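Reviewing the structure listed below.
The values are calculated or read from the model by the stated rules, or taken from the named source; none is laboratory data. Predicted, not measured: the structure shown is a model, and the values here were computed from it. Glycine gets a Cβ as well: all are built from the backbone with ideal geometry, and neighbour counts include every protein chain shown. The area values use the complete protein model at the heavy-atom level, side chains included, leaving out ligands, DNA and RNA. Shrake-Rupley method; radii C 1.70, N 1.55, O 1.52, S 1.80 Å.
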2 protein chains.
Amino acid sequence: MSAQGAPPPHGVIRLTVRDVLGGMVGAVCASAVPVPHRRGRPRSAAADRAILDATRSALVEVGWSRLTMSQVASRAGVAKTTLYRRWAGKSELVVDAVAVLFDELELPDRGSLRADVEGVIVSFAALLERPEAKTSLMAVIAESTYDEALRARVREAIVERQKRLVLDGRRRAQRRGELPADAPDSAEPEAIVDLIFDVIAGAVVHRSLVSGGPVDAGWVRGFTTLLLEGLGRASAQP
Amino acid sequence: MSAQGAPPPHGVIRLTVRDVLGGMVGAVCASAVPVPHRRGRPRSAAADRAILDATRSALVEVGWSRLTMSQVASRAGVAKTTLYRRWAGKSELVVDAVAVLFDELELPDRGSLRADVEGVIVSFAALLERPEAKTSLMAVIAESTYDEALRARVREAIVERQKRLVLDGRRRAQRRGELPADAPDSAEPEAIVDLIFDVIAGAVVHRSLVSGGPVDAGWVRGFTTLLLEGLGRASAQP
DNA sequence: GGAGTTACGCTACGACGCGTAGCGGAATGC
DNA sequence: GCATTCCGCTACGCGTCGTAGCGTAACTCC
């Protein structure tokens, strides 16, 4: 609503996670320089960290719906106004607070496509089990269906950065000869990566947050078989 | 919070969608009799319908987060207290208001497994495009991560009732010989149905609500190929 | 070192949604 | 008739939101 009401103090009102963390995680950062803000008192990086930490711990304890800005402020030891100087609302704050969790995801080479797929499924499911992520991810996505800016923020901060996992795994499988190499005329390996990402992430989220069933070894094996060999063979397995 | 504060007036405070609609849609209804409430003035079925209609139309216009109980009440032409006599809060109300949308899903026999799968994907995606569903489905699921009763309500009213689509399609494919019949010793065709449901629903939801890409003919064909034939062949297709 | 600029903590405030209580009246079963 | 239950209405206390205004702290440029 009141995004550009007042003249922006430091050029930009909102900072991304990468600005806060000094660009230590991001590689696609637009401006490598973390905005050295020429004049005036600089924003407290300690306050930023305290706020994001407080947000995560509050999410663990009370969940998304009972999380209030006042509560986060007092936990972080800052004034409520300081929160609103950085984030427009609860949704924006939580996106940044949760985004760093997803950067912990790694995909070590396990030797085969099947092992790699099972690995990423298990890792992602474990991440979704953490209360901070579990309670807030869906809420933020829900909010973003009516807020285009928030939607873009979610995509940039969370979705886009995880596709690297699929991209890496696919390239490794191609090198091993488990998947066909990209046809030089085929214009869209990107479409396939997007598809695989939606299928894996969507299925794991749906399983653990909607259906509510456990992502245990049996489910992981079944899902991987379905992914690798399709419905016919997956139905025949024990 | 205050669920059982006062003695329940009519035996049960909450009614399910099937009670309201007189059991016209559900087949797995526990008690076929819609509680003929022995004494006193009966609850207005017209008010129930007006409230649920008002909820859906309000969801279309303002979305989940800006939806208020007072707003729904005045739209429906009922008092706010009447709302709270039937539903404990916004989440419960919206679950019931949205659940009926999912009952419209049908899966006509299109002659082949591939055509059936593509059909269910397209239908489900079209449903998610409706603003009432789009904005509220994720919000309710998010809320349910910290509310076990709500979670059960979502599962019963939405999730469980859609698995029939997968079950039907699978049986038809088995009859056609496109899928192997259930091994008599294999104890769990149910696990496979659950898996397929999570994969299809999860992928479509993730595609349209998280990634934000279109569920167009190309995506549907690619996803179907992946489902039927697995990663290897899906990667080779144009 | 001083001047200008920006961020911070604090307090207070209006606006709004929530969920409940209490009333008189209306619709049913006995 | 009488008891029972629902309805519409008004009013209320409570908590959260997001902002304004103030004095003060930190930093840059001259």
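Let's see how each residue does on (1) more than 8 Å from DNA strand C (Cβ to nearest atom); (2) at pLDDT below 60; (3) away from every other protein chain (no Cβ under 14 Å); (4) touching a Phe, Trp or Tyr at 6+ places or on another chain (Cβ under 9 Å):
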position	(1), (2), (3), (4)
A:SER2	yes, yes, yes, no
A:ARG18	yes, yes, yes, no
A:ALA32	yes, yes, yes, no
A:GLY40	no, no, yes, no
A:SER44	no, no, yes, no
A:ARG49	yes, no, yes, no
A:ARG75	yes, no, yes, no
>> Can you tell me which residue is farthest from the other protein chains (Cβ to nearest Cβ) among those in segment A:153-191 that are open to solvent by 30 Å² or more (accessible area, probe 1.4 Å) and hydrophobic (A, V, I, L, M, F, W, C)?
In response: A:LEU167
>> Out of the residues in segment B:99-125 meeting the condition of being open to solvent by less than 50 Å² (accessible area, probe 1.4 Å) and modelled with pLDDT under 95, tell me which one is farthest from the chain's Cα centre (by Cα).
In response: B:LEU107
>> Between A:SER91, A:SER70, A:SER74, which is within 11 Å of DNA strand D (Cβ to nearest atom), in a helix (DSSP H, G or I) and surrounded by 17 or more Cβ atoms within 10 Å (Cβ to Cβ)?
In response: A:SER91
> Looking at (1) more than 9 Å from chain B (Cβ to nearest Cβ); (2) under 25 Å from B:ALA173 (Cα atoms); (3) open to solvent by 20 Å² or more (accessible area, probe 1.4 Å), can you tell me which one A:GLU229 breaks?
Replying inline: (1)
> Here are A:VAL220, A:VAL205: which of them is more than 7 Å from chain B (Cβ to nearest Cβ) and under 19 Å from A:ARG130 (Cβ atoms)?
Replying inline: A:VAL220
>> For the list (1) without any contact (Cβ under 8 Å) to a residue 12 or more places away in the chain; (2) within 16 Å of DNA strand C (Cβ to nearest atom), I need the number of the one condition that B:SER136 fails.
In response: (1)
>> Anything in segment A:99-117 that is in a helix (DSSP H, G or I) and away from chain B (no Cβ under 13 Å)? List them, or say none.
In response: A:ALA99, A:VAL100, A:LEU101, A:ALA115
> Where in segment A:140-218 are the helices (runs of 4 or more DSSP H), entirely inside, with at least 2 residues that are free of Cβ contacts under 8 Å to residues at least 12 places away in the same chain and farther than 30 Å from A:ARG56 by Cβ?
Replying inline: A:160-176, A:189-205
